[in-house]
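Accompanying notes for the structure given below.
The values are calculated or read from the model by the stated rules, or taken from the named source; none is laboratory data. Since we're looking at a predicted model, the values are computed, not measured. Quick reminder, even Gly has a Cβ in these numbers, built from the backbone with ideal geometry, and neighbours come from all protein chains shown.
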Amino acid sequence: MRDAIERIVLVFPGYGYRRVTKALQREGWAITHKRVLRVMREEALLCQLERRFVRTTDSAHALRTYPNLLADLAPAGPGQAWVADITSIRLPTTFAYLACVLDAWSRRCVGWELSQAIDTTLTLAALDQALAKRRPAPGLIHHSDRGVQ
């Protein structure tokens, strides 16, 4: 059985114990995933794929940066601090970008915008929506990363 597992792992180095178990079962082995996992651990055959870190924030810009006002603050109620970020969404033919503004206390989305372009217009549209819906009191802290958007 160990040789069969090693043969599968050598042919398919990205296979983990679940896929190896299914491959063995297709070959006629009566085996459970727990046993395959134990054997793969003992023989150091577990999948070791390297994950690449993709940096999405450009902090090396010439624009003004601001201090982190939320470092020592834990919001005690809604409307004290908003946090904002952008994420990409893979669609079948392209990417879209979602800018979201969350209330730091309740973690509720107070404003968002979806666009095909990752630019200042996207982030400002999400912030404008949040301001129009919530009308925050003076003293609100708006926190985001230091990307150029």
- Using the structure shown, decide if Val110 is surrounded by 10 or more Cβ atoms within 10 Å (Cβ to Cβ), assigned to a strand (DSSP E or B), β-branched (Val, Ile, Thr) and in contact with a Phe, Trp or Tyr (Cβ under 6 Å, 6 or more places away or on another chain). no
- What helices (runs of 4 or more DSSP H), lying completely within region 1-65, carry at least 3 residues that are among the β-branched types (Val, Ile, Thr)? 2-11
- Query: without any contact (Cβ under 8 Å) to a residue 12 or more places away in the chain and under 24 Å from Asp128 (Cβ atoms): does that describe Arg107?
  - Reply: yes
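Let's see how each residue does on (1) hydrophobic (A, V, I, L, M, F, W, C); (2) under 22 Å from Thr120 (Cα atoms); (3) in contact with a helix residue (DSSP H, G or I) (Cβ under 9 Å, 6 or more places away or on another chain); (4) not assigned by TED's automatic domain parsing to the domain that holds Ala137:
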{"residue": "Ile8", "(1), (2), (3), (4)": "yes, no, yes, yes"}
{"residue": "Lys22", "(1), (2), (3), (4)": "no, no, yes, yes"}
{"residue": "Gly28", "(1), (2), (3), (4)": "no, no, no, yes"}
{"residue": "Val36", "(1), (2), (3), (4)": "yes, no, yes, yes"}
{"residue": "Pro67", "(1), (2), (3), (4)": "no, yes, no, yes"}
{"residue": "Ala76", "(1), (2), (3), (4)": "yes, no, no, yes"}
{"residue": "Ser88", "(1), (2), (3), (4)": "no, yes, no, no"}
- Note on the structure: Conditions (1) in a strand (DSSP E or B); (2) surrounded by 11 or more Cβ atoms within 10 Å (Cβ to Cβ) -> Gly79 fails only (1)
- Task: Please work out which one of (1) surrounded by 15 or more Cβ atoms within 10 Å (Cβ to Cβ); (2) under 24 Å from Ala60 (Cβ atoms) is the condition Ala130 fails and give its number.
- Result: (2)
